[in-house]
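First the structure, in the form of C-alpha cells, and then the observations on it.
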Amino acid sequence: MEIDGLTARLRSGLVRLAGLAASLLAAAAVIFVAIDVLPGDPAAVVLGLNATPDALAALRSEHGFDQPAPWRFMAWIGALAHGDFGISTTYRVAVAGLIGERLAVSVPLACLAMGLSLSWGLGLALLAAWRPRFYVVVTAFGEIGLAIPNFWLGLLLILTFAVGLGLLPSGGFPGWEAGWGALRALILPAIALALPQGAIIARLALALLNETLAEVYIRTAEAKGLSRAGVLVRHALPNAMVPLLALMGLQLSFLLGGSIIVENVFALPGLGRLMAQAIAQHDIITLRALIFLFAATILTVHSGVGILQATIDPRLRRASGL
Amino acid sequence: MRVHNGLRAIMLACAFSTPLAAQVPEQVTLCMPLEPPLLDPTRGPAQAIRELTYGNIFETLVAIDRDGRLQPGLAESWKVSADGLVYDFKLRSGVSFHDGTPFTSFNVAYSVERAKRPESRNAQKWIFDPILRVDTPDPLSARIVLSRPTANFLYGLAWGDAVMVAKGSAAENATVPVGTGPYKFSRWVRGERVELVVNDRWWGAKPTFAKAIFRFISDPAVQVAAIKAGDCDALSNLAAPEAIPALKRDPRLAVTTGYTEGKTILAMNNGKAPFDDVRVRRAIAMAIDRQQVIEGAMSGLGIPIGSHFSPSHPAYVDLTATNAYDPMKAKAMLAQAGFPNGFSATLKLPPPAYARRSGEIIAAMLQQIGVKITIEPLEFPQWLERVFRGKDYDLTLIAHTEPLDINIYARPDYYFQYRSPAFNAALNDAETATSDEARNAAYGRAQKRLADDAVNVFLFLLPKVTVTKAPLTGTWTNWPLPANPLAELSWK
C-alpha cells in the first residue's frame with residue numbers, strides 16, 4: 001500500500017517534469033521562429049548609418065548570424081542546456097551576466113510588491129468580511145486600484161514623496177552596496193506596482209470569502225459558538241486560498257517581467273527595461289533569452305502553484321496522484 | 001472640486017518650500033536620456049557613448065570646444081605641409097593612460113591602424129580612409145601622411161571615433177574604458193548609471209568634482225521630476241520642450257536652449273517616381289511651412305535650415321528662402337509635373353518624438369496640395385532595414401546628427417538616391433581645397449545645389465535644452481558635437 005503510493009507519486013512527479021521540459025522546448029522553438037522572422041539586421045543596428053560592408057560581415061559571423069536557421073536553433077538549444085545565453089550584440093557582454101544583474105533588482109522588487117499587495121488585498125478583504133460596514137471601503141479601493149494606470153500613479157508618487165516632500169528618491173537605483181539607499185529606491189515602485197495587484201486580490205478574496213460564508217457548515221460552526229473572526233480564519237480563508245494561489249502565481253510572473261512601465265517611470269535597471277532596450281536595439285540574442293526566461297518562469301510558477309494547491313486541498317491531491 | 005484644489009495647494013506649497021536635495025560639493029550628477037550600449041566611442045555609432053566619454057574618459061589629438069572650434073588636445077601643436085598631405089603633430093609630454101601606460105606617438109599609430117582594419121567596428125571609417133601611413137620619428141612626434149588632400153581631416157580627428165587608445169587596454173574598452181582624460185571609469189550599474197572618478201594625473205587644470213555620476217532617464221516626465229527633486233544636478237538634453245516654461249519659473253533651476261548638429265529632413269526617394277522629378281520635389285518643399293512645423297512639433301525650438309548644413313559652420317549659406325512656403329505655387333508645380341489632382345504616397349517614420357510629431361503635421365500640409373499621405377510608423381531596426389538599406393520608401397523623416405555630413409549626398413547608393421555631377425564637383429572642390437576661403441565658397445555651392453534640386457525638404461536643427469541647478473556653471477549650450485566635458489563644470 002505505502003510503496004504503491006510512493007511509486008505513483010514518483011511517477012506523477014516524473015510526468016510533471018517531462019511535461020515541463022516538453023513545454024519549455026516548444027516555447028523555445030516558438031520564440032526562436034518568432035524572433036528570427038522579425039525584419040531588421042542586428043549588425044546594421046549595432047554599426048549605424050556609416051557601417052562598411054566588411055564590418056557588417058565580421059559582426060554577423062562573430063554572432064553566427066550567417067549560419068542557416070536550423071543550425072542556429074540547435075546551437076542555441078545546446079548552449080541553453082549548458083546555461084549559456086550567448087553574448088549580447090548591443091552590450092558585448094554575456095547575456096547571463098546582464099540578466100543576473102537585472103534579477104538583483106527585479107526579484108526583490110517583485111517580492112516586495114507581492115508582499116504589499118497580498119497584505120493589503122487580503123487584509124481589506126478580511127476586514128470587509130468580518131465587519132460588512134467596511135464593504136464600501138474595499139469596493140472603493142478595488143475600483144480605484146484598477147482604474148489608476150500605474151505609470152500615472154508612479155508619477156503621482158514621485159511628485160508627492162520625491163519632488164514635494166523630499167522623503168524618497170525620484171528614481172534610479174544606487175546598487176545593493178548602498179544598503180538602505182537601495183531599499184529606499186524600491187519603496188515607491190513597489191507601491192505603484194502593488195496597488196492595482198492588491199485591488200485585484202481584495203476583490204477576488206472578498207468574493208470567495210462571501211461565497212464560503214454562505215455555506216451551511218459555516219452556520220453550524222457559528223451555532224457551535226465560534227466567533228466571526230474564528231470562522232473567517234479557520235474555515236473561510238483556507239477555502240479561498242486555492243483560487244487565490246492561482247491568481248498570485250499569475251501576478252508573480254507578471255511582476256517579474258511585466259513591470260516595464262513602472263521600471264521606466266522610476267528609471268530602475270530591471271528585467272523589463274532590459275527587454276525594452278533589447279527590442280529597441282534589435283538585440284535578438286538578449287531578447288530571445290529574456291522571453292525564454294519569462295516563459296520558463298511562468299511554466300515553473302504554474303507547476304509550483306499546482307503542487308502548492310494540492311498540498312492545501314486534499315481533493316486536488318487525490319486527483320493528481322500527489 | 002474644492003478637495004482637488006486643496007490638494008493642489010498642498011502639493012504646490014510642498015514643492016516650493018522644500019529646498020533641493022543637498023548639494024554634495026565634490027560630486028556632480030548628470031542625467032541623460034539614453035544609456036550608451038558600451039563605453040568605447042571607436043566601436044559604435046551611438047551618440048550616448050560620446051556624450052559620456054568624449055573629453056571625460058577619452059581624448060583626441062585635436063579637440064572640438066563648445067563653440068565648435070578646433071583646440072589642441074593630446075597634440076600640443078601641429079603643422080600641415082603646403083600640399084595638405086603631411087600632418088606633423090607634437091604630442092603633450094608626461095601624459096599617461098589611466099592604467100599608467102605612457103601616451104606616445106606609438107599610441108597614435110596603433111589607434112589609427114586599429115580603426116582602419118577591415119573588421120574594425122569604427123562607425124566613421126571615412127575619417128581614416130585618406131591616411132596612407134603614420135610615422136613615429138620619436139615618442140612625442142607623430143607624422144600622419146595622407147594619400148589625398150582632405151580639408152576636414154583635422155576636424156574628423158577631433159571626433160569621438162578618433163580617440164586615442166592603448167594596445168594593452170583597447171580590447172576591453174567597451175566595458176572597462178581606459179583613456180587619458182580627466183575622469184577615470186569607476187563602475188557601471190547597467191540600465192541605471194555610470195560612475196567616474198577624477199584622474200589626479202591629468203595634464204590639464206584640476207577639475208572641481210572628484211566624482212561624477214551619469215544617470216540614464218528616458219521618460220521626459222521623469223526627467224523633469226528628477227531635476228525638480230534635486231536628484232540630478234543637470235539634464236544634458238531635456239526631451240520635453242513643453243515643460244520649459246514651468247522649469248524656467250523655478251528659481252532653483254537654470255534653463256538654456258541651444259542647438260545640436262542634428263539636421264532634420266523630410267527625405268525623398270529621388271530614385272523612385274514621382275520623386276525623381278525635380279518639380280514634384282520642389283512642390284513638396286513649397287507645401288511645407290517650416291516655421292509651423294517647428295512651432296507645432298518642437299514647441300518653437302529648432303533653428304530653420306534651407307540645406308543640409310549647420311548655421312554654426314563658417315561656410316553656412318542661408319537658403320531657407322529657396323522653394324519657400326507657397327501652397328498655390330506648389331499646386332501649380334504639381335500640375336506641371338503631370339499631377340493636377342495630386343497623388344498618394346507613404347511617409348515612413350522612425351520612433352523619435354521629433355519624427356512622429358513633425359510627420360503628422362507635414363502629412364496634413366501635403367494634403368493641402370492634394371498629396372495623400374499614409375503614415376507608417378516603424379521601429380528603428382525596421383527603418384534601417386527597409387528605408388535606409390532597402391530604399392523601399394517614398395518619404396521619411398529623420399535627423400542626421402553627424403556634424404558636417406553633406407558628403408552623404410555624393411554617395412550614389414545612399415538612401416536618397418541623389419546623383420548630381422555638379423554637386424559632386426562642388427563637394428570635391430571643398431574637400432581638396434587648401435585655403436579656408438576656397439573651401440567655404442565650394443561648400444556654399446554644394447549647399448545651394450542641394451537646395452535648388454530640392455533633394456530633400458530641409459527642416460530644422462534639433463534643439464538642445466539644458467536644465468541645471470542654478471548654481472552649476474560650465475555646461476555646453478550647443479552641441480557642435482555631443483559631449484558633456486565634466487572638467488568644465490563648477491559651482492558658482
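The values are calculated or read from the model by the stated rules, or taken from the named source; none is laboratory data. Everything numeric here is computed off the predicted structure, so don't read it as measured data. Cβ atoms come from the backbone with ideal geometry, glycine included; neighbour counts cover every protein chain shown. With ligands, DNA and RNA removed, areas are computed over all heavy atoms of the protein, side chains included. Shrake-Rupley method; radii C 1.70, N 1.55, O 1.52, S 1.80 Å.
B:VAL134 satisfies every condition listed in (1) within 30 Å of A:GLY171 (Cβ to Cβ); (2) in a strand (DSSP E or B); (3) away from chain A (no Cβ under 14 Å) except (1). For region B:226-254, the set of residues classified as buried (at least 22 other Cβ atoms within 10 Å of the Cβ) and part of a helix (DSSP H, G or I) consists of B:ALA226, B:ILE227, B:LYS228, listed by residue number. The single residue among A:PRO189, A:PRO196, A:PRO174 that is within 22 Å of A:LEU146 (Cα to Cα), within 14 Å of chain B (Cβ to nearest Cβ) and surrounded by 14 or more Cβ atoms within 10 Å (Cβ to Cβ) turns out to be A:PRO189. Restricting B:ASP88, B:ASP67, B:ASP83 to residues that are touching a Phe, Trp or Tyr at 6+ places or on another chain (Cβ under 7 Å), away from chain A (no Cβ under 14 Å) and either surrounded by fewer than 17 Cβ atoms within 10 Å (Cβ to Cβ) or modelled with pLDDT of 90 or more (or both) narrows the list to B:ASP88.
Taking the conditions (1) closer than 23 Å to B:THR401 by Cα; (2) within 14 Å of another protein chain (Cβ to nearest Cβ) in turn, B:LYS228 satisfies each one other than (1). Might you let me know whether region A:6-27 holds any residue that is in contact (Cβ under 8 Å) with a residue 60 or more places away in the chain and either crowded, with 19+ Cβ neighbours inside 10 Å or within 9 Å of chain B (Cβ to nearest Cβ) (or both)? So far as region A:6-27 goes, no, none of its residues is in contact (Cβ under 8 Å) with a residue 60 or more places away in the chain and either crowded, with 19+ Cβ neighbours inside 10 Å or within 9 Å of chain B (Cβ to nearest Cβ) (or both).
Considering region B:155-200 alone, what residues qualify as being within 14 Å of chain A (Cβ to nearest Cβ), under 30 Å from B:ALA430 (Cβ atoms) and not in a loop (DSSP other than H, G, I, E, B)? Within region B:155-200, B:GLY156, B:GLY160, B:ASP161, B:ALA162 meet the criteria. Just to check your reading of the model, which residue among A:ALA79, A:ALA58, A:ALA69, A:ALA94 is more than 14 Å from chain B (Cβ to nearest Cβ), within 30 Å of A:ILE291 (Cβ to Cβ), among the aliphatic types (A, V, I, L, M) and without any contact (Cβ under 8 Å) to a residue 12 or more places away in the chain? After applying the criteria, what remains is A:ALA79.
The residue pairs whose first member lies in region A:281-298 and is closer than 24 Å to A:ARG60 by Cα, whose second member is part of a helix (DSSP H, G or I) and of a type in the set (D, E, K, R), and whose beta carbons are closer than 8 Å, counting only pairs six or more residues apart or on different chains, are A:ILE284/A:ASP36. For region B:72-102, filtered to residues that are of a type in the set (Asp, Glu) and not in a loop (DSSP other than H, G, I, E, B), the residue that is farthest from the chain's Cα centre (by Cα) is B:ASP88. Taking region B:312-371 as the range and being β-branched (Val, Ile, Thr), open to solvent by less than 20 Å² (accessible area, probe 1.4 Å) and assigned to a helix (DSSP H, G or I) as the test, only B:ILE362 passes.
Within region B:201-225, can you find the residues that are polar (S, T, N, Q), more than 7 Å from every other protein chain (Cβ to nearest Cβ) and open to solvent by 10 Å² or more (accessible area, probe 1.4 Å)? Of everything in region B:201-225, just one residue is polar (S, T, N, Q), more than 7 Å from every other protein chain (Cβ to nearest Cβ) and open to solvent by 10 Å² or more (accessible area, probe 1.4 Å), namely B:THR208. Taking region B:41-52 only, how many residues are in contact with a Phe, Trp or Tyr (Cβ under 9 Å, 6 or more places away or on another chain) and either closer than 21 Å to B:GLY204 by Cβ or within 9 Å of another protein chain (Cβ to nearest Cβ) (or both)? Selection size over region B:41-52: 4. Taken over region A:257-268, the criterion of being open to solvent by less than 30 Å² (accessible area, probe 1.4 Å), out of contact with any Asp or Glu (no Cβ under 8 Å at 6 or more places or on another chain) and assigned to a helix (DSSP H, G or I) is satisfied by A:GLY257, A:VAL262, A:GLU263.
Within region A:81-110, the set of residues being more than 17 Å from B:TRP188 (Cα to Cα), open to solvent by less than 30 Å² (accessible area, probe 1.4 Å) and in a helix (DSSP H, G or I) comprises A:SER106, A:LEU109, A:ALA110.
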